[in-house]
Amino acid sequence: MVFISDNGIFSKSKPDEGSLLLAETAIELKVTGKLLDMGCGYGLVGLLVKKFDPSVEVDGIDVNIRAVECAIASAEKLGLEAHYQIKDGREALDRSYDTILLNPPIRTGKETIYELYRNAYKHLNPQGLLIIVIRRQQGAASSYKELQSIFPSVSRIKLHKGYEILKSNKD
């Protein structure tokens, strides 16, 4: 699969390992229904899930205008239906989701990331999942603790090359 990317977009030259691991995990978990790729960048994670299971309804949001343009172009190029919009993941969302996938924007700081977690919780359907990928050295332990303060159930479901996949269940 070839994606369209550009300057100023996270991991523009090649897919980063964390995002690939996040997509792989979502596919392995057989996520279904409505999926939000929060901080979608050029659409990699959501479009990989959509390619594997066309029945998944993929939405993506990002604050980067160019990233959203590239995500739309990537979906069109790949012939996949997905909906993207320019939106901050800390704002109210247009709908609720069965699964939210997030590779947190580490450089924005913990408070911003924790706001994303809290907003994800608010916009998950009952039994919904928030699945994140985060490097151990970039705050996996503190993210785990924060997620435990928001969600009734949090688990580390995968460790790979310094990355952790954390799965949080709403109910």
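Remarks
- Each label point was placed 7 Å from the Cα along the Cα-to-Cβ direction; for residue 96 and residue 136 their separation is 3.7 nm.
- Remark: region 22-169 is approximated by an ellipsoid whose semi-axes, taken from the C-alpha gyration tensor as √(5λ), come to 22, 16, 15 Å, largest first.
- In this structure, the amide hydrogen of residue 60, modeled 1.01 Å from its nitrogen in the peptide plane, lies closer than 5 angstrom to those of 37, 83, 84, 85, counting only residues at least 5 positions away or on a different chain.
- Highest mobility in the GNM of the chain, judged by mean-square fluctuation with C-alpha springs under 10 Å and restricted to 87, 122, 145, is found for 145.
- Ranking 79, 127, 58 by Cα position along the charge dipole of region 1-142, where only Lys, Arg, Asp and Glu carry charges on their C-beta atoms, puts 127 farthest toward the positive end.
- For the pair region 131-171 / region 26-57, the C-alpha centres are spaced 19 Å from each other.
- Estimated dipole of region 22-169 in Debye, rounded to 20 [Cβ of Lys and Arg +1, of Asp and Glu -1, Cα centre]: 560 debye
- Annotation: amide H-H contacts under 5 Å for residue 163 (H modelled 1.01 Å from N, sequence separation of 5 or more, or interchain): 136.
- Relative packing of peptides 16-26, 100-110, 150-160 - highest average C-beta neighbours within 10 Å first: 16-26, 100-110, 150-160
- Within the chain, antiparallel bridges make up roughly 40 percent of the DSSP beta bridges whose residues both belong there.
- Annotation: peptides 68-76, 52-60, ranked by per-residue average of other Cβ atoms within 10 Å with the highest first, follow the order 68-76, 52-60.
Read-outs throughout are calculated quantities, based only on the coordinates presented, and are distinct from any laboratory measurement. This structure is a prediction, so every number in the text was calculated from the model and none was measured. A quick note on method: Cβ atoms are made from the backbone with ideal geometry, for glycine too, and the neighbour counts reach across all protein chains shown.
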